[in-house]
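Asks: Structure incoming, see below.
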Amino acid sequence: MSNSTCPACYAIAIGSNRSGRHGAPTAEVTAAIAALDGVLARSPILSSAPLGPSIRRFANTVVLVGSEVVPSEMLARLKRIERDFGRRRGARWGARVIDLDIVLWSGGTWRSKGLSVPHLAFRERDFVLAPLGVVAPDWRDPRTGLTPRQLLARLRKLKRLG
């Protein structure tokens, strides 16, 4: 699926590295997918190393969600789900029961207080790019024009060289 074949949709990254009321992190991710309206596609859930101070591995996936709402409204919906799952604001990159982020939007770019679409760091996160390449292999980054697979190849090359 691409942004041209999905005229009103979002790529949403979902992650968890703490058990919650739904169970282990993988169960939390699965429950978060079920809580979203309009899921069109989902990647397999993968395990990834944590960023920052957290020591627990993450369960990660990317879903495509069809929706006509503007990004600020989608963000509000995602934050409600996080609160419903027991997410509390804490240390950046700390353990969390659920994390939902807007990665891309079929409308291109969006900037408002507290929200930048595309997600500012998605190009540097293989745990987002790999599943994004599964559900939206032809979607192009509005800044670089590259597909998720091209961005992932570039990131992996930089990691090898660095």
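Asks: Would you calculate the separation in nanometres between label points at Asp138 and Arg83, each defined as 7 Å from the Cα along the Cα-to-beta-carbon direction?
Replies: About 3.9 nm separates the two model spin labels.
Asks: Hey, any idea what % of the stretch 52-122's accessible area is carbon plus sulfur with a 1.4 Å probe?
Replies: Values: 1930 of 3610 Å².
Answer for the stretch 52-122: carbon and sulfur cover 53 percent of the accessible area.
Asks: Rounding to the nearest 20 debye, state how big the charge dipole of the stretch 39-162 is about its Cα centre with +1 on each Lys and Arg Cβ and -1 on each Asp and Glu Cβ.
Replies: 520 debye
Asks: What is the gain in length, in nm to one decimal, between Ala24 and Arg56 on full extension, counting 0.36 nm per residue of separation less the C-alpha to C-alpha distance?
Replies: 10.4 nm
Asks: May I ask you to give the solvent-accessible area per residue for the stretch 1-150, in square angstrom, as obtained with a 1.4 angstrom probe?
Replies: Values: 7190 Å² over 150 residues.
About 48 Å² of surface per residue is accessible.
Asks: Over all directions, the average projected area of the alpha-carbon convex hull for the chain comes to how many nm²?
Replies: Quarter of the Cα hull surface area: 8.9 nm².
The values are calculated or read from the model by the stated rules, or taken from the named source; none is laboratory data. These numbers were taken from a predicted model, which means no experiment stands behind them. Here the Cβ is made from the backbone with ideal geometry for all residues, glycine too, and neighbour counts use every protein chain on show. Surface accessibility is based on the protein's heavy atoms, side chains included, excluding ligands, DNA and RNA. Shrake-Rupley method; radii C 1.70, N 1.55, O 1.52, S 1.80 Å.
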